Amino acid sequence: MQSGLPALQFSQIPGGGRTTARQLTGCMSVGELLTCTQGLPLSTDRIEKKVLLRSPLKRVWRAIADSNEFGNWFGLKFDGPFVQGASLRGVIVPSTVNPEINAVETPHEGVVFDITIEKIEPERLFSFRWHPHAVKRDVDYSAEPTTLVVFTLEEVADGVMLTITESGFHRIPLARRAEAFLANDAGWSMMVRAIGDYLGKAA
């Protein structure tokens, strides 16, 4: 999943707890844009992806806010419904919707993710917290800070504009911050395609 990603150099900002990154060589993909830089600063705290989904708002909302439907396209099986304030456990079950995601998830089949539902605003916003890229079976991530994942829906002329953001990477331990950020940046690029594929097949 990280093949072809650029070399990044991370450094701590004294007193702020944040980091900056300097791209040493190569290019970074952000959504459908390809940005090539030489030593320019990059944001390492927030990922944002947008996708236009040509489905009714109610249908898109159900694909996100229903834990069974979310799990179908994301590749997770949850132990309960999405309810604001609830803590759930999800187990990686490789996606059958998108072969690219299936190939990435298969080595991690059975890995458990814990998520906490933050907000549910019907047909507008869904958010949760989790430990980013927590896929190593022999590592306990429970003491680490979490990142916040937010799905925002906006009805537009051609369908629904879905924006997915993940923020809070500056709080992740420096030793694995770059890996978590780059893995999830690539992962969310695949997931915006996955939900489109899922809705297209369900239509």
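Sorted on the mean count of surrounding Cβ atoms within 10 Å across their residues, most packed first, peptides 192-198, 133-139, 70-76, 88-94 read 70-76, 192-198, 88-94, 133-139.
Once fully extended, how much extra length lies between ASP138 and SER167, figured as 0.36 nm per residue of separation less the alpha-carbon to alpha-carbon distance? Don't jump to the answer; show the numbers that get you there.
Numbers: separation 29, 0.36 × 29 = 10.44 nm, distance 2.51 nm.
This chain segment gains 7.9 nm when fully extended.
Under 5 Å between amide hydrogens, built in the peptide plane, is the criterion, and for VAL111 it picks out ILE92 among residues at least 5 positions away or on other chains. Is the shape of region 61-163 best called rounded, prolate or oblate, per the rule: a/c under 1.5 gives rounded, else a/b larger than b/c gives prolate, else oblate, with a ≥ b ≥ c the square roots of the Cα gyration tensor eigenvalues? Oblate, because a/c is 1.5 or more while a/b does not exceed b/c.
Read-outs throughout are calculated quantities, based only on the coordinates presented, and are distinct from any laboratory measurement. What you are looking at is a predicted structure, and each value in this text was computed from that prediction instead of being measured. Quick reminder, even Gly has a Cβ in these numbers, built from the backbone with ideal geometry, and neighbours come from all protein chains shown.
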